[in-house]
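Down below is the structure, laid out as structure tokens.
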Amino acid sequence: MSKLGTLGARLHRGEIGYDFVKNRKIWYGLSILITITAIVGLAVRGLNMGIEFQGGAVFNTPKSTSASVSQAEEYAEEASGHDAIVQKLGDGSLRIQVAGIDTGTANQIKNTLADDLKMDSEQINAELVGPSWGEQIANKAWQGLGIFLVLVVIYLAIAFEWRMALAAFVALIHDITITVGIYALVGFEVTPGTVIGLLTILGYSLYDTVVVFDSLKEQTRDLTKQTRWTYSDVANRSINSTLVRSINTTVVALLPVAGLLFIGGGVLGAGMLNDISLSLFVGLAAGAYSSIFIATPLVADLKEREPAMKALKKRVLAKRAQSAAKGEAPDAQGDEESYADEPEDAAPAVVGPRNQPATRNRGRGRPSGKRR
């Protein structure tokens, strides 16, 4: 078995682990700092909306043009008085975008570009994009996002519980805010591809969160019938037991997206790939982060506000203090005594690190939960 596979197996069995839940205030503070930075960037710089949302014109030159991208960009900005985006296509032609111009201005710019590029104006294909079309796309995107979030909250509340639904909702808003803020700070153009990428990452983020929640739900059955582990302990184990899986799925998803962003968009200059690849890259990374450091610790915080979980935590801490006073290992004592009051048909939750000797697993009522 590989080292990573061995690590994953040990994490899953609870032999090793990192206390994510205990350090949740650090993760909350880091997330708040990143979110505030994203919001400030969005408020100060704003989003660089593409031509589909602002309206304008797209000019496509023939393959025979000899002008470079920088020359064409200079010609277009001089002719229009607006910023221009020029991309060299695979067949050698140029795609020139100028936002915020009307039909009459577009015809004038087309003629000026033809003179500067030394070609007939009929050879340049001009396409006008009205701002109303982009506004419709934006409205539909917001509607789709709203419907998606409502359905997600309803589903998670039914399949798990409302606390998990609320935590997943907070994690999704966290991911969206960071992704949009990065777009504002970097200055990449926002196009319909960006919207598609943004909606796509929500599914990935939710997948990682649900995997942890499913493990947490399974391990907290009849949790109050024992005195070894608090809800936070079990939540922490759920994160650790699925940690390698979450890392593997995220890395596998990020690799092709990174190829699009850094090689396709950066090295090869295929700028049209940047709009969707940046949203996917940032969103996937933020989604993996939020499922581990935000969603599950937040569930633990909400859950331990319940009276039953408060009482459980009090009993667990009291038993640990008693064990420490006697100089006994808390795990060993809990293994022998914590289920003494359970009914014979109760199945104890398999939670927490299993670092006690193997002979302890054959104590009264374990592992089947029945006395023999």
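General remarks:
- Test for Gly181: is it of a type outside the set (Val, Ile, Thr), surrounded by 15 or more Cβ atoms within 10 Å (Cβ to Cβ) and either part of a helix (DSSP H, G or I) or touching a residue at least 40 places away in the same chain (Cβ under 8 Å) (or both): yes
Per-residue answers, yes or no, for (1) crowded, with 19+ Cβ neighbours inside 10 Å; (2) assigned to a helix (DSSP H, G or I); (3) without any contact (Cβ under 8 Å) to a residue 12 or more places away in the chain; (4) not hydrophobic (A, V, I, L, M, F, W, C):
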{"residue": "Glu218", "(1), (2), (3), (4)": "no, yes, yes, yes"}
{"residue": "Ser246", "(1), (2), (3), (4)": "yes, yes, no, yes"}
{"residue": "Val252", "(1), (2), (3), (4)": "no, yes, yes, no"}
{"residue": "Pro256", "(1), (2), (3), (4)": "no, yes, yes, yes"}
{"residue": "Leu261", "(1), (2), (3), (4)": "yes, yes, no, no"}
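- Residue match in segment 279-299 (condition: modelled with pLDDT under 85 and either touching a helix residue (DSSP H, G or I) at 6+ places or on another chain (Cβ under 8 Å) or of a type outside the set (Gly, Ala, Ser) (or both)): yes
- Single unsatisfied condition, Trp162 versus (1) of a type in the set (Phe, Trp, Tyr); (2) under 20 Å from Leu298 (Cβ atoms); (3) surrounded by 20 or more Cβ atoms within 10 Å (Cβ to Cβ): (3)
- Here segment 71-83 is the region considered, the condition is being over 19 Å from Lys118 (Cα atoms) and not charged (D, E, K, R), and the residue that is surrounded by the fewest Cβ atoms within 10 Å (Cβ to Cβ) is Gly81.
- Residue within segment 310-324 that is over 30 Å from Glu189 (Cβ atoms), aliphatic (A, V, I, L, M), surrounded by fewer than 18 Cβ atoms within 10 Å (Cβ to Cβ) and at pLDDT below 80 present: no
- One residue from Lys110, Lys63 being in contact with a strand residue (DSSP E or B) (Cβ under 8 Å, 6 or more places away or on another chain) and open to solvent by 20 Å² or more (accessible area, probe 1.4 Å): Lys110
- Taken together, the residues in segment 220-231 that are open to solvent by 20 Å² or more (accessible area, probe 1.4 Å) and assigned to a helix (DSSP H, G or I) amount to 2.
- Options Gly197, Gly203; residue that is among the small types (Gly, Ala, Ser), open to solvent by 10 Å² or more (accessible area, probe 1.4 Å), part of a helix (DSSP H, G or I) and within 24 Å of Ser279 (Cα to Cα): Gly203
The values are calculated or read from the model by the stated rules, or taken from the named source; none is laboratory data. Keep in mind the model is a prediction, meaning the values are calculated, not measured. Cβ sites come from the backbone with ideal geometry, for glycine too, and all protein chains shown count toward neighbours. Side chains included, ligands, DNA and RNA excluded: accessible areas come from the protein's heavy atoms. Shrake-Rupley method; radii C 1.70, N 1.55, O 1.52, S 1.80 Å.
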